[in-house]
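Single-structure report; data block below.
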Amino acid sequence: LKPFWLQTGLKWRPRTPPRQDSGSGSQAVAMGADGHAEGEPPKKQLKTTPSPGKELGMTWGVPEGGPVLAPKPGEGVLAAMTYQGDDVPRGLLASGQVRTMRDGSGSDGEYFGCDFVRRDVLVTNGRDREFTVDSHGFTLAADKVERIDYFDDERVLKDYYPTCCELVKRLTGASEVFAFDHNVRSKTMSDAKEKIKGGSAVQGPAFVVHNDYSVTSAPRRVLDLAKAPKVNDTLRKVLGDQPLIDPSTVEEKLKGRWALINVWRNIKDTPVKKLPLALCEGPSVPLEDIVTFEIHYADRVGENYFAGKSSEHKWFYFPEITIDEAILLKVWDSRGAAFADHPSAPGGGSGGEKKDVVLATFSFHSAFEDPSSLPDADDRESVEVRTVVFY
């Protein structure tokens, strides 16, 4: 089976001139008909040496004057997001210039080629809307679960992974779902360099607009799951050298529709009051805004997507999400409309019938500072479990 990007014939290309927003304030505002607020971006220079100053765990801060009113459903807050600057190379394939090293605990080293810039965007309270994984790239589901210790790797792997698989299968109609990785996040605990039981580091929220996979790394990750787990793989503790997916079936599975979907959950008994997760509608992201970010592990190279700001981006969040709710966040879909014309899709590139095509290939997302949060609000604690889905 050829890598997906070889099947599609994709080529790296320089970006087109940006369509960008900027701003300096954060406030509660009613959602405009076009779903965004516009301004002029400052110019930045591409970092060819380690990128100083801004890291994925750092925030921009909110203006003085105290919190704004919490937005009602359909209203939003104007808040700072971290995008990539104008001169960072755009493209669906890796340029070799934008990268980091990730250690065995899951922590990143220095960032090369990145230009982390502030762009203020409207983030709308989505609790009055119905979102679907197929059309938007995410959905919110009521899902009451047994309380476990999420800071214990063994409990998460043995007790919570099956729960996530059942939820994803029920909501997507998939025939098979495999959970294969997870992160536990807490800014306070990450700043204190704490680890969960089992050895992995507690991660801070990712304050950068990103998607977890690329057109190259998504199918490659699935193929990797049909091999013995590698050094950084969470499932190595459970599977040893046994593959998660049967190697004799994986190539056939990749010919059908498959997806990578995260299950995101607040793990506190109290609702999230600070540093919530924002989600960008998948179809609102122009492909020319995408930056491929390489993650070099000890034994493999992964890729994420970063993004430059576009006025087309439509952002949403679910204020005060509880432990008995879960967000399904799609980070790749082999039948996403953005790639429906490629040769790998049924009928793609031939003018024939395109089967199983859905609007959203993925959803960019980011933690953000909600300007309606009270100053003394507790940091959120959350877990996201990664699953691979076969339809």
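Between Lys355 and Glu312, the modelled labels are 2.9 nm apart [label points 7 Å from Cα along Cα→Cβ]. Working from label points 7 Å from Cα in the Cα-to-Cβ sense, the Asp108 to Glu176 distance is 3.3 nm. If you plug the beta carbon distance of Gln242 and Glu130 into 1/(1 + (r/R0)^6) with R0 = 35 Å, you get a FRET efficiency near 0.30.
For the listed peptides 379-386, 69-76, 285-292, a ranking on the average number of other beta carbons within 10 Å per residue, highest first, reads 379-386, 285-292, 69-76. Checking the cross-link pairs Lys169/Lys268; Lys187/Lys273; Lys197/Lys268; Lys158/Lys230; Lys72/Lys330 against a 22 Å limit on the alpha carbon distance flags Lys169/Lys268; Lys72/Lys330 as lying beyond it.
Taking trypsin sites (Lys or Arg not before Pro) across the range 146-200, the ones in a DSSP loop with at most 15 further Cβ atoms lying within 10 angstrom of their Cβ are Arg147, Lys193. Computed extension gain for Val231 through Leu374, at 0.36 nm per residue and net of the alpha carbon distance, reaches 47.4 nm. Towards the positive end of the charge dipole of the range 256-331, with charges on Cβ (+1 Lys, Arg; -1 Asp, Glu), say which of Phe316, His296, Ala326 has the farthest Cα. With unit charges placed on the Cβ atoms, the residue in question is Ala326. Taking the protein heavy atoms of the range 211-365 in the context of the full set of protein chains, the accessible area attributed to carbon and sulfur is 49 percent at 1.4 Å.
The values are calculated or read from the model by the stated rules, or taken from the named source; none is laboratory data. Computed from a prediction, not measured in an experiment: that's the story for all the values here. Methodologically, a virtual Cβ is constructed for each residue, glycine included, from the backbone with ideal geometry; neighbour enumeration extends over all protein chains shown. Note: accessible area is taken over every heavy atom of the protein model, side chains too, but ligands, DNA and RNA are not part of it. Shrake-Rupley method; radii C 1.70, N 1.55, O 1.52, S 1.80 Å.
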